[in-house]
Amino acid sequence: MEKVRWGLLSTANINRRVIPAIRQSARGELTAVASRSQESADSYAHHWDIPHAFASYEAMLASDVVDAVYISLPNQLHAEWTIRALQAGKHVLCEKPFALTLADVDRMMAAAHDTGLVLTEAFMYRHHPQMKLVEAFVRDGRLGDISLIQSVFNFQLKSRDNIRLSPELGGGSLWDVGIYPVSFAQCVMGGPPEWVFGFQEVGDTGVDEFFAGQLHYGHGRVAQISSSFRTPFHTRSVVVGSKGRLRMSRPFTNVEESEMVFYPDSGEPEYVDIPEEPLYLGEIEDMHAAILDGKPPYISLAETRNHVRTVLALYESAAAGKPVFL
């Protein structure tokens with residue numbers, strides 16, 4: 001195989017970000033889309049110039065025109081269709097959150113192990129040069145001993161008719177955008193927290209429309225995260241260490257507008273140059289390296305399991321009003 005043939009399992013809005021990345025990559029091509037009706041699939045395929053359109057997810061998985069699928073279904077469907085895709089012989093890039101229970105995560109991991117196929121979570125920002133710079137700052141010791149991480153991801157959800165507000169579909173601000181600060185903290189701290197404390201404001205929809213949490217890593221290390229559907233778009237991350245702090249104005253999305261500044265313990269702030277790269281290209285090329293070259297995915301399934309494990313602990317803490325140990 002010289003190129004990976006991609007299929008889109010759903011016509012979700014996020015596809016519009018992934019489609020250009022597949023086409024920009026040197027070793028991928030977009031060959032198919034599947035929807036719940038032939039009319040919907042045909043319309044989408046015509047709009048995006050996709051060769052094959054399938055009237056059902058099952059039909060695309062049973063076909064021989066795709067090697068890998070991108071799953072952008074509602075959250076509660078990720079596990080089912082990831083497993084079905086793997087069992088049908090397709091590699092899978094599954095949109096975050098990977099799944100809503102640890103039991104489902106374990107089933108997905110078992111399916112990947114049993115089939116020997118590539119399965120990874122779609123956290124696009126982790127593959128971007130900006131995040132690689134953050135990791136280098138930490139790895140090279142320029143920040144010293146990390147003591148505090150603060151990350152926020154908010155946007156205003158004006159329509160009440162949105163799957164993000166549906167408990168049945170796995171809605172909630174923490175699952176939707178708060179999981180980015182959670183994954184950021186895990187990456188910088190090198191693993192999951194020891195214990196967490198969460199607070200949420202649940203709307204009349206039954207999901208958290210605001211969430212704040214503290215993640216405790218031991219030895220005085222803390223990550224503070226928050227997410228919201230109630231305020232205008234705002235995102236940032238700050239990493240504080242004994243030798244200085246690193247601030248990003250756009251850590252997770254709109255990275256082309258991001259400003260990254262290192263504030264050393266003495267001297268002037270340093271504005272860090274961020275290499276230009278399409279935000280979603282890295283996760284696609286990471287899949288190609290795993291499928292075609294046999295390299296392990298950059299985000300391991302063990303790391304992904306800890307993303308879900310941490311979010312579940314935060315929800316448990318918010319519901320109980322007390323700390324929860326992982």
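The values are calculated or read from the model by the stated rules, or taken from the named source; none is laboratory data. Not measured: the values here are computed from a predicted model. Cβ: placed from backbone, ideal geometry, glycine included. Neighbour counts: every protein chain shown.
Scanning segment 231-271 for residues that are surrounded by 18 or more Cβ atoms within 10 Å (Cβ to Cβ) and over 19 Å from S147 (Cβ atoms), we see that the one that is farthest from the chain's Cα centre (by Cα) is M260.
Could you please let me know if Q186 is surrounded by 15 or more Cβ atoms within 10 Å (Cβ to Cβ), farther than 12 Å from V152 by Cβ and in contact with a Phe, Trp or Tyr (Cβ under 9 Å, 6 or more places away or on another chain)? Walk me through it before giving the result.
On the way: surrounded by 15 or more Cβ atoms within 10 Å (Cβ to Cβ): yes; farther than 12 Å from V152 by Cβ: yes; in contact with a Phe, Trp or Tyr (Cβ under 9 Å, 6 or more places away or on another chain): no.
Considered against the rule, which asks whether it is surrounded by 15 or more Cβ atoms within 10 Å (Cβ to Cβ), farther than 12 Å from V152 by Cβ and in contact with a Phe, Trp or Tyr (Cβ under 9 Å, 6 or more places away or on another chain), Q186 comes out as no.
Comparison of A88, A111, A68 shows that the only residue that is touching a strand residue (DSSP E or B) at 6+ places or on another chain (Cβ under 8 Å), over 18 Å from A302 (Cα atoms) and of a type in the set (G, A, S) is A68. Those helices (runs of 4 or more DSSP H) of segment 1-107 in which at least 1 residues are buried (at least 21 other Cβ atoms within 10 Å of the Cβ), among the β-branched types (V, I, T) and out of contact with any Leu (no Cβ under 6 Å at 6 or more places or on another chain), considering only elements entirely within it, cover 15-24, 78-87. If the condition is being assigned to a loop (DSSP other than H, G, I, E, B) and in contact (Cβ under 8 Å) with a residue 24 or more places away in the chain, then segment 131-165 contributes G141, R142, L143, G144, D145, F155, Q156, L157, R160.
For the residues S183, S226, the requirement of being small (G, A, S), in a strand (DSSP E or B) and either under 18 Å from I149 (Cβ atoms) or not assigned by TED's automatic domain parsing to the domain that holds N75 (or both) singles out S226. Within the span defined as segment 131-147, every residue fails to be β-branched (V, I, T) and not assigned by TED's automatic domain parsing to the domain that holds G191.
For P193, are the conditions met, namely being buried (at least 23 other Cβ atoms within 10 Å of the Cβ) and in a loop (DSSP other than H, G, I, E, B)?
On the way: buried (at least 23 other Cβ atoms within 10 Å of the Cβ): yes; in a loop (DSSP other than H, G, I, E, B): yes.
In short, yes.
Taking residues in segment 200-212 that are within 8 Å of R230 (Cβ to Cβ), and partners anywhere that are among the polar types (S, T, N, Q) and part of a strand (DSSP E or B), the pairs with Cβ atoms closer than 6 Å and at least 6 places apart or on different chains are F210/S228.
Count of segment 285-296 residues, restricted to those that are crowded, with 19+ Cβ neighbours inside 10 Å and under 12 Å from H91 (Cα atoms), is 4. Scanning segment 303-326 for residues being over 14 Å from T101 (Cβ atoms) and among the basic types (K, R) gives a total of 1.
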